[in-house]
Structure formats: structure tokens, C-alpha cells
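A quick write-up on the structure given underneath.
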Amino acid sequence: MKILVVDDEQDIKTLFEQRFRREIRSGELNFDFAHSGEEALSYLNDHFSEIVLILSDINMPGMSGIELLKRIRTERPSAPPMVMMITAYNDDENFNQAKKYGADDFLTKPIDFANLKQKLTLSL
């Protein structure tokens, strides 16, 4: 499964590579990373059909994760990947906006990687 992780935190790549080492090595999961909504859209223009799941932070400088989600669902309505939104703020406004624009799931930071692995396993 090819997953695009969108988060402005620079250490996110290392964190995911450590937590999913076994799944990456076995080829079960393949992660790519973008550090902004704009970078994610650029990546998706070239690789949209490959991506099965997008994990996007909501609060990022520039384009927010909500705006990214809205653009994905508007520009590519025919074959959308699954999108999980991630935020440090577990508030109703972000949750409601994410659901309104078509988020498939909602996670809070710090990420519970055991829970995320379980969700990804169910998605396989």
C-alpha cells in the first residue's frame, strides 16, 4: 500500500520509518512524504493513481490540511484515495470540517502508532 504522509514537521519521516520498519522492509507499506499542502498537491499531480492513502496534518503553514483535503476531493472526485486527517487539536471544528470535506478518518497527535497500524491493516 502506497501512503503519502503530509506534515510540516521535519522529523515525521524518521518517526514513520522507525515505527513501520518491518512493514516497509516487507514491502507491505510504502511511504512518501510531503512537508506542505502545496508539495503534496505537486506530488499527487505526478503520482495520484499510485496513492492508496493520504495521512495529512491539519495545521500547517501555507495550505492547511483541510484546504488540501478540499482540493483533493474537488479536483479528483472520481477515484479519491482514503484520507486520514491528523491534528494536535482534538476539537469539534476541525473534526466537523474534515468530515464535511470527505475525510475518511481522524487521528490526534501524538499519533498512537499501534492504533494507526491496526487501521492500516484493516485497509489492506
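The values are calculated or read from the model by the stated rules, or taken from the named source; none is laboratory data. No experiment lies behind these values; they were computed from the predicted model shown. For neighbour counting, all protein chains shown are included, and Cβ atoms are generated from backbone atoms with ideal geometry for every residue, glycine included.
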Within segment 21-59, residues touching a residue at least 40 places away in the same chain (Cβ under 8 Å), touching a helix residue (DSSP H, G or I) at 6+ places or on another chain (Cβ under 9 Å) and more than 21 Å from ALA114 (Cβ to Cβ) come out as LEU44, ILE51, ILE58
Among the numbered criteria (1) out of contact with any Lys or Arg (no Cβ under 8 Å at 6 or more places or on another chain); (2) modelled with pLDDT under 95; (3) buried (at least 16 other Cβ atoms within 10 Å of the Cβ); (4) among the acidic types (Asp, Glu), which single criterion is violated by ASP11? (3)
Return the total of residues in segment 63-75 being in contact with a helix residue (DSSP H, G or I) (Cβ under 6 Å, 6 or more places away or on another chain) and either touching a residue at least 40 places away in the same chain (Cβ under 8 Å) or surrounded by fewer than 15 Cβ atoms within 10 Å (Cβ to Cβ) (or both). 1
ILE3: passes all of (1) more than 13 Å from the chain's Cα centre (by Cα); (2) in contact (Cβ under 8 Å) with a residue 12 or more places away in the chain; (3) within 15 Å of LYS117 (Cα to Cα) but (1)
Does GLU17 satisfy the condition of being farther than 18 Å from THR87 by Cβ and in contact with a strand residue (DSSP E or B) (Cβ under 8 Å, 6 or more places away or on another chain)? yes
Failed item in (1) without any contact (Cβ under 8 Å) to a residue 12 or more places away in the chain; (2) at positive phi; (3) not hydroxyl-bearing (Ser, Thr, Tyr), with ASP92 passing the rest: (2)
Report the residue count in segment 68-93 for those that are modelled with pLDDT of 85 or more, not charged (D, E, K, R) and not in a loop (DSSP other than H, G, I, E, B). 9
Of residues in segment 94-124 being of a type in the set (Phe, Trp, Tyr) and outside any loop (DSSP other than H, G, I, E, B), the one modelled with the lowest pLDDT: PHE95
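Can you name every residue in segment 47-62 that is surrounded by fewer than 17 Cβ atoms within 10 Å (Cβ to Cβ) and either over 25 Å from GLU28 (Cα atoms) or at pLDDT 90 or above (or both)? Walk me through how you get there before you give the answer.
Going through segment 47-62, the residues surrounded by fewer than 17 Cβ atoms within 10 Å (Cβ to Cβ) turn out to be 47-50, 52, 59, 61-62.
Once the filter is applied, which keeps residues that are surrounded by fewer than 17 Cβ atoms within 10 Å (Cβ to Cβ) and either over 25 Å from GLU28 (Cα atoms) or at pLDDT 90 or above (or both), segment 47-62 yields ASN59, PRO61, GLY62.
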